[in-house]
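**Student:** I have a structure I would like to understand better, so I am pasting it below and will then ask my questions one at a time.
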Amino acid sequence: MNLTIYHNPKCSKSRKTLELIEKRGITPRIVAYLETPPSAATILELAAALNCPVRDLLRTGEDDYRAASRKLDSSDDDALAAWLANHPRVMERPIVVDTDSGRAIMGRPPENVLQLVAP
């Protein structure tokens, strides 16, 4: 199993999700997305793997989102992905992807990740 976690080490949910993965003996690829933001194309791939629109990846309580929300078209996935690539702090986290199957899970709550790692 090859897992990638889009991780923010300052986020308790992200830390707990990572811990649950590691407790199962899996060493995931960790993407510190605030330091290395995903591209717009990657964000579109994440949304597709999660089977959701890009707007579901937005943390709408973040200041960056509130400042831009009137200008954003929440129905335009391409535009939202491009905006999110430039404002990674607004991305919901953590996102865990099983790169072998292409399946992804949002780690909110962290126990959601068990759907990917349970035998």
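**Student:** In region 88-111, what residues are closer than 22 Å to Arg66 by Cα, assigned to a loop (DSSP other than H, G, I, E, B) and among the charged types (D, E, K, R)?
**Tutor:** Glu92, Arg93, Arg108
**Student:** From the residues in region 50-64 that are charged (D, E, K, R) and part of a helix (DSSP H, G or I), which one is nearest to Leu34 (Cα to Cα)? Please lay out each step first, then the result.
**Tutor:** So in region 50-64, the residues charged (D, E, K, R) come out as 55-56, 59, 62-64.
Retained after the next criterion (residues that are part of a helix (DSSP H, G or I)): 55-56, 63-64.
On the way: Arg55: 18, Asp56: 18, Asp63: 15, Asp64: 14 Å.
In this case the residue turns out to be Asp64.
**Student:** Out of the residues in region 62-78 that are open to solvent by 50 Å² or more (accessible area, probe 1.4 Å) and among the small types (Gly, Ala, Ser), which is modelled with the lowest pLDDT?
**Tutor:** So, considering only residues that are open to solvent by 50 Å² or more (accessible area, probe 1.4 Å) and among the small types (Gly, Ala, Ser), the one modelled with the lowest pLDDT is Ser74.
**Student:** Counting just the residues of region 3-24 that are assigned to a loop (DSSP other than H, G, I, E, B) and open to solvent by less than 70 Å² (accessible area, probe 1.4 Å), which one comes out nearest to Gly102 (Cα to Cα)? If you could, list the steps in order and put the result at the bottom.
**Tutor:** Looking only at region 3-24, we keep the residues that are assigned to a loop (DSSP other than H, G, I, E, B), and these are 8-11, 24.
So of that shortlist, the ones also open to solvent by less than 70 Å² (accessible area, probe 1.4 Å) come out as 8, 11.
Details: Asn8: 21, Cys11: 24 Å.
If we take residues in region 3-24 being assigned to a loop (DSSP other than H, G, I, E, B) and open to solvent by less than 70 Å² (accessible area, probe 1.4 Å), then Asn8 is nearest to Gly102 (Cα to Cα).
**Student:** Another question about this same structure. What do you reckon, is Ala41 at pLDDT 95 or above, part of a helix (DSSP H, G or I), among the aliphatic types (A, V, I, L, M) and surrounded by 13 or more Cβ atoms within 10 Å (Cβ to Cβ)? Let's see the steps before the verdict.
**Tutor:** On the way: at pLDDT 95 or above: yes; part of a helix (DSSP H, G or I): yes; among the aliphatic types (A, V, I, L, M): yes; surrounded by 13 or more Cβ atoms within 10 Å (Cβ to Cβ): no.
In short, no.
**Student:** Related question: Quick one: how many residues across region 65-78 are part of a helix (DSSP H, G or I), among the charged types (D, E, K, R) and farther than 18 Å from Ser39 by Cβ?
**Tutor:** Here is the first cut: in region 65-78, the ones part of a helix (DSSP H, G or I) are 65-71, 77-78.
From the residues that got through so far, the ones that are among the charged types (D, E, K, R) too are 66, 70-71, 77-78.
So of that shortlist, the ones also farther than 18 Å from Ser39 by Cβ come out as 66, 70-71.
Number of matching residues: 3.
**Student:** Could you please tell me which pairs satisfy a Cβ distance under 7 Å, a separation of 6+ or placement on different chains, a first residue in region 29-52 that is more than 18 Å from Asp98 (Cβ to Cβ), and a second residue that is basic (Lys, Arg)?
**Tutor:** So the pair list comes out as Leu34/Arg89.
The values are calculated or read from the model by the stated rules, or taken from the named source; none is laboratory data. Computed from a predicted structure; not experimentally measured. Every residue, glycine as well, gets a Cβ built from its backbone with ideal geometry; the counts of neighbours run over all protein chains shown. Accessible surface areas use protein heavy atoms only, side chains included; no ligands, DNA or RNA. Shrake-Rupley method; radii C 1.70, N 1.55, O 1.52, S 1.80 Å.
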